[in-house]
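The values are calculated or read from the model by the stated rules, or taken from the named source; none is laboratory data. Because the structure is a prediction, the values reported are computed rather than measured. The protein model used for the area step is the full one, side chains on, heavy atoms only, and it has no ligands, DNA or RNA in it. Shrake-Rupley method; radii C 1.70, N 1.55, O 1.52, S 1.80 Å.
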Amino acid sequence: MSGGTRPPWWQLVVVLAVAGAAIAFVVTYAVGVVSDGAGTGDPADFYRAVGRELTDPGTWRVTAVGALVGAVVGGVLALLGRRSS
């Protein structure tokens, strides 16, 4: 990719927003499932924990905040990159 042009600023913002949301979702989801559905002795508890985490508003709130943080970081990086060029 040598000699290529930089992508537009909005692409950086979108990519970092999606990445932030994905990371926040995976971490929140994994912690919730492990804390609610692991080691209880009932094999169905894992599946209940999966359902609980998918329907929990807190999981989606954290995911939205992760997307917002990623978008803000992308915007700041885009502004800094624009100033330096």
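Here is how the numbers come out for the structure above:
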| quantity | calculated |
| --- | --- |
| Acute angle (nearest 10 degrees) that the helix 9-37 long axis makes with the longest principal axis of the chain, alpha-carbon atoms | 10 |
| Normalised contact order of region 10-84, rounded percent, pairs of Cα under 8 Å and 6 or more residues apart | 53 |
| In degrees, nearest ten, helix 57-84 long axis to first principal axis of the chain (Cα) | 20 |
| Estimated 222 nm signal from helices in the chain, with DSSP H stretches of n ≥ 4 weighted -39500 (n - 2.57), rounded to 500 | -28500 deg cm²/dmol |
| Equivalent ellipsoid, the chain (semi-axes from 5 times Cα gyration tensor eigenvalues, Å) | 38, 12, 8 |
| Accessible area (Å², per residue) of the chain, counting only protein heavy atoms and a probe of 1.4 Å | 71 |
| Whole-percent carbon and sulfur share, accessible surface of the chain, 1.4 Å | 72 |
